2 protein chains.
Amino acid sequence: MINHIKKLLPLDKLEEEVLLSKITFKKLKRRQFLLQEGDVCRHYNFIVEGCMRMYMVDEKGTEHNLQFGEKNWWITDIGSFHSDVPTQLFIDALEPSEVLQIKKEDLIFIYTHFPKIDRYFRVLIENAFIKMQARVLQNISATAEEKYLTFLKDYPNLSNRISQIQIASYIGVTPEFLSKVRRSLMK
Amino acid sequence: MINHIKKLLPLDKLEEEVLLSKITFKKLKRRQFLLQEGDVCRHYNFIVEGCMRMYMVDEKGTEHNLQFGEKNWWITDIGSFHSDVPTQLFIDALEPSEVLQIKKEDLIFIYTHFPKIDRYFRVLIENAFIKMQARVLQNISATAEEKYLTFLKDYPNLSNRISQIQIASYIGVTPEFLSKVRRSLMK
DNA sequence: AAAAAATCTTAACCTAGGTTAAGATTAATT
DNA sequence: AATTAATCTTAACCTAGGTTAAGATTTTTT
């Protein structure tokens with residue numbers, strides 16, 4: 001994580017030490033939950049190994065993937081985290097995974113004492129926002145085929161690791177229809 | 001704008017003065033553009049009067065509304081603004097409008113010298129991100145009727161002021177189909 | 001106040017994508 | 001290695017939402 005942050009901005013020894021001291025490590029088996037509906041999201045989670053997803057389950061029991069995450073990605077329900085409100089989301093591991101966690105009070109401590117790290121997290125959110133915005137545009141304007149091709153382009157690593165069921169759920173179609181789309185792309 | 005910011009956090013005289021000194025005022029007629037495809041978005045825009053929208057135009061010429069804004073809302077293509085990259089978006093006025101603008105270098109100056117205002121803009125983005133996330137979830141999981149009802153609930157003021165064409169474009173259906181939805185809701 | 005432009009509705013017909021279900025393939029678990 | 005469970009595909013049929021076009025209504029502009 002430290003190395004990842006250092007790519008965006010160099011940290012001095014003190015900043016590095018403080019960050020390290022506030023981090024806890026967690027190992028997750030395949031399918032194990034990091035967050036479940038009704039929980040309050042208490043941590044920012046940084047994935048160091050594996051692959052995870054964040055999703056919602058509707059009244060019919062269908063899962064809808066909001067986000068994936070792999071090595072060097074953050075995965076957190078920011079809404080629940082900041083408002084201390086129970087989440088409607090789940091986060092679980094698609095593969096055996098390892099995450100680093102920072103608690104809210106520690107994060108706020110770091111924000112107030114280390115402006116450089118504060119800036120790092122701001123840029124993080126700005127980028128996440130820009131991506132979400134692009135995704136909304138796709139959602140309201142593109143066909144399933146276009147959405148699928150965009151997914152392959154944006155997440156080439158992920159698309160080999162995760163099942164089509166997960167991809168279908170992310171772009172908002174059924175796995176059966178995604179299968180049709182893929183066939184028509186092949187010929 | 002100052003009053004709006006003050007609701008979220010009290011400003012002292014100096015902060016208020018600096019903000020005021022960096023702001024420029026702009027009046028827009030109905031349908032006038034604040035940003036067009038190909039421009040680099042150079043300002044954060046705060047709406048003091050009127051109603052605006054930000055949208056994309058696809059190859060077929062169809063408009064897709066990404067965001068509306070009314071009094072006390074910010075409307076800006078953050079992606080283009082931060083990367084100095086030409087935008088693919090348009091911002092124009094749905095009603096005669098008035099906006100306050102802050103240039104990028106001034107915003108950065110304020111960020112670095114006034115942590116309180118810096119925090120205000122961070123919260124702004126965090127909230128915008130959370131809303132976008134909720135919208136993606138709706139997009140991939142809900143029917144047109146559900147999306148329409150959510151829009152009415154989330155933006156009760158806007159839904160009386162703007163045309164159904166605009167609402168349809170925001171939720172990602174044709175105006176004709178939105179008309180069907182409304183009829184079936186009325187009975 | 002009149003003319004022009006934009007909006008809203010309706011209806012007939014079309015299509016992208018959903019549903020159900022079954023079989024084939026692959027991956028996970030014992 | 002065998003069993004179980006999950007994934008992927010296919011196909012027949014269904015439905016939410018799109019398309020085209022025309023008329024009625026409302027809003028803007030002159």
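Bear in mind these aren't lab numbers, they're just calculated from the coordinates by the rules spelled out. Bear in mind the structure is a predicted one, so any value in this text is a computation, not a measurement. We place every Cβ from the backbone using ideal geometry, glycine too, and count neighbours over all the protein chains shown.
What the phi angles of the stretch A:38-44 give under the Karplus curve with 6.51, -1.76 and 1.60, with θ = phi - 60°, is a coupling list of x, 5, 9, 6, 9, 9, 7 Hz, glycine and proline written as x.
Taking label points 7 Å from Cα along the Cα-to-Cβ direction, A:Phe109 and A:Asn127 give a separation of 2.6 nm. Applying the criteria of a DSSP loop state and at most 16 other Cβ atoms within 10 Å to the GluC sites (Glu not before Pro) of the stretch A:41-84 yields A:Glu59. Taking chymotrypsin sites (Phe, Trp or Tyr not before Pro) across the stretch A:67-121, none is in a DSSP loop with at most 12 further Cβ atoms lying within 10 angstrom of its Cβ. Between the stretch A:53-98 and the stretch B:156-172, the C-alpha centres lie 30 angstrom from each other. Computed from backbone phi with θ = phi - 60° and the Karplus coefficients 6.51, -1.76 and 1.60, the 3J(HN,Hα) list for the stretch A:156-170 is x, 5, 4, 5, 7, 8, 9, 6, 5, 4, 5, 5, 4, 5, 6 Hz; x is used for glycine and proline. Considering only A:Lys104, A:Lys22, A:Lys60, the Gaussian network model of chain A with Cα springs below 10 Å gives its largest mean-square fluctuation to A:Lys60. The B:Thr174 and A:His4 beta-carbon pair, evaluated with R₀ = 45 Å, returns a calculated FRET efficiency of approximately 0.55. Each other residue within a Cβ distance under 15 Å of A:Ile162 adds +1 if Lys or Arg and -1 if Asp or Glu, for a net charge of +1. Amide H contacts for B:Leu66 (H built 1.01 Å from N in the peptide plane; partners 5 or more residues away or on another chain; cut-off under 5 Å): B:Met54, B:Tyr55, B:Met56. Averaged over the residues of peptide B:136-145, the number of Cβ atoms from other protein chains lying within 10 Å of each residue's Cβ is 6. Short-range pairs are left out: with C-alpha atoms under 8 Å and at least six residues apart, the relative contact order of the stretch A:7-111 is 41 percent.
The GluC sites (Glu not before Pro) of the stretch B:134-187 include none that meets both conditions, a loop assignment by DSSP and at most 13 other Cβ atoms within 10 Å of the site Cβ.
Taking Lys and Arg as +1 and Asp and Glu as -1, the other residues whose beta-carbon sits under 11 Å from that of B:Asn139 total +3. Taken one residue at a time, the phi angles of the stretch A:17-25 give Karplus couplings (6.51, -1.76, 1.60, θ = phi - 60°) of 4, 4, 4, 4, 5, 9, 8, 10, 10 Hz. Gly and Pro are set to x. Amide H to amide H distances under 5 Å link A:Cys51 with A:Leu94, A:Glu95, where only residues 5 or more positions off or on other chains count and H is placed in the peptide plane. Summing +1 for each Lys or Arg and -1 for each Asp or Glu among the other residues whose beta-carbon sits under 10 angstrom from that of A:Glu95 gives +2.
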